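Report on the following structure.
FYI, it's all coordinate maths here, none of it is from the lab. Keep in mind that this is a model prediction, so the values were computed, not measured.
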Amino acid sequence: MQYIVTFVWSFLLVSMLNYVVSSVLGVPFDFQTGAIISVVFSVLIFVIGAIIPNEPTPDAADHH
């Protein structure tokens, strides 16, 4: 479920950013480019989430 929600939010945010930037630059809006970038962005988020450890460091347990 978290993969689907992450992809949906990634798709919405990247498509919105693609639309705004293309409007500001005066170039035609390309839906396919936004969809491809959102898939790449989702995969990048999953990779970063897998790399970052979940357990706290030993120093963090000493400081309350």
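Here is how the numbers come out for the structure above:
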read-out: Values of log10 I(q)/I(0), in the order q = 0.11, 0.16, 0.18, 0.25 Å⁻¹, for the chain under a Debye, Cα-only, solvent-free model; value: -0.41, -0.63, -0.71, -0.99
read-out: Relative contact order for the chain, counting Cα pairs under 8 Å that sit 6 or more residues apart, in percent; value: 34 percent
read-out: Estimated 222 nm signal from helices in the chain, with DSSP H stretches of n ≥ 4 weighted -39500 (n - 2.57), rounded to 500; value: -26000 deg cm²/dmol
read-out: Helix 31-51 axis, angle to the chain major axis (alpha carbon atoms, nearest 10°); value: 10 degrees
